[in-house]
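To start, the structure itself, in structure tokens.
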Amino acid sequence: MSGAVPLLRLALYQPDIPQNTGTMLRMCACFGVAAEIIEPAGFPVSDRAFRRAGMDYLDEVMINRHDSWRRFEEWRQAAGNPRLVLTTTRGAIPHVDFRFQPGDIVMVGRESAGVPEDVHAAADARIVVPIRPGLRSINVAVTAAMVVGEGLRQLQGFTVPGAPAVVNG
């Protein structure tokens with residue numbers, strides 16, 4: 001990936017399912033979003049494992065691995081404490097009503113369990129993708145795509161082939 005500073009980052013908290021992780025990393029590559037993987041994961045997290053899974057976009061995504069939540073929080077503090085925006089079914093703000101800022105980190109939880117209370121409490125904002133009553137949740141990769149897409153839309157972060165670049169000022 002080029003040396004450009006990403007408008008957004010996507011943090012995957014202890015991902016369980018490699019196919020969902022691959023989908024989210026491919027989305028990150030296509031949209032220029034950096035990925036933060038917070039381990040442990042439910043599968044091997046390595047370049048070799050991703051390549052074996054057919055992740056041919058791996059060279060196009062900036063991936064930072066953190067071996068624990070504590071290490072991720074240390075990294076975030078050293079990076080100037082960017083806002084942590086947690087996607088959660090317990091969110092108070094619909095994702096389309098939230099005002100994204102450059103540098104925000106959008107976090108998705110584990111497919112099987114979300115995030116623990118200490119991670120929930122550390123979030124600067126908790127947002128939700130509204131769904132029909134009576135249904136539990138949508139797929140984590142779909143959630144990530146919807147939320148990141150909305151953030152990039154707000155920040156004018158999409159590249160249109162043949163169009164002049166939009167510079168946020």
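Quick check: is even one residue across the range 94-107 under 14 Å from Ile37 (Cα atoms), touching a Gly at 6+ places or on another chain (Cβ under 8 Å) and outside any helix (DSSP H, G or I)?
Yes, that holds for at least one residue.
Within the range 108-117, restricting attention to residues that are touching a strand residue (DSSP E or B) at 6+ places or on another chain (Cβ under 8 Å) and assigned to a loop (DSSP other than H, G, I, E, B), the residue that is farthest from Glu150 (Cα to Cα) is Val115. If Arg99 passes every condition in (1) in contact with a helix residue (DSSP H, G or I) (Cβ under 8 Å, 6 or more places away or on another chain); (2) modelled with pLDDT of 95 or more; (3) buried (at least 16 other Cβ atoms within 10 Å of the Cβ) but one, which one does it miss? Only one criterion is unmet by Arg99, namely (3).
Restricting the range 139-169 to residues that are at pLDDT below 95 and either among the aliphatic types (A, V, I, L, M) or not in a loop (DSSP other than H, G, I, E, B) (or both), the residue that is farthest from Gly109 (Cα to Cα) is Ala163.
Residue count for the range 27-51 satisfying the condition of being outside any loop (DSSP other than H, G, I, E, B) and at pLDDT 90 or above: 10.
For the subset of the range 52-65 comprising residues that are at pLDDT below 90 and not in a helix (DSSP H, G or I), which member is surrounded by the most Cβ atoms within 10 Å (Cβ to Cβ)? If we take residues in the range 52-65 being at pLDDT below 90 and not in a helix (DSSP H, G or I), then Met55 is surrounded by the most Cβ atoms within 10 Å (Cβ to Cβ).
If you go through the range 66-93 and pick out every residue that is outside any helix (DSSP H, G or I), within 15 Å of the chain's Cα centre (by Cα) and either crowded, with 17+ Cβ neighbours inside 10 Å or modelled with pLDDT under 95 (or both), you end up with 6. What are the residues in the range 125-147 that are within 11 Å of the chain's Cα centre (by Cα) and within 14 Å of Gly114 (Cβ to Cβ), if any? Of everything in the range 125-147, those that are within 11 Å of the chain's Cα centre (by Cα) and within 14 Å of Gly114 (Cβ to Cβ) turn out to be Val140, Thr143, Ala144.
Among the residues of the range 103-119, how many are of a type outside the set (Asp, Glu) and surrounded by fewer than 15 Cβ atoms within 10 Å (Cβ to Cβ)? Before the answer, list the steps.
Let us first name the residues in the range 103-119 that are of a type outside the set (Asp, Glu), namely 103, 105-110, 112-116, 119.
Okay, now just the ones that are also surrounded by fewer than 15 Cβ atoms within 10 Å (Cβ to Cβ), so 112-113, 116.
Counting residues in the range 103-119 that are of a type outside the set (Asp, Glu) and surrounded by fewer than 15 Cβ atoms within 10 Å (Cβ to Cβ) gives 3.
Applying a threshold of 6 Å to beta carbon distances and a minimum spacing of six or more residues, or different chains, the list of pairs starting in the range 81-94 at a residue that is touching a residue at least 24 places away in the same chain (Cβ under 8 Å) and ending at one that is surrounded by 15 or more Cβ atoms within 10 Å (Cβ to Cβ) and part of a loop (DSSP other than H, G, I, E, B) reads Pro82/Gly103; Arg83/Asp104; Leu84/Ala123; Val85/Asp104; Leu86/Ala123; Thr89/Ser137.
The values are calculated or read from the model by the stated rules, or taken from the named source; none is laboratory data. The structure displayed is predicted, hence computed values, not measured ones. Positions of Cβ are backbone-derived with ideal geometry, glycine not excepted, and every protein chain shown enters the neighbour counts.
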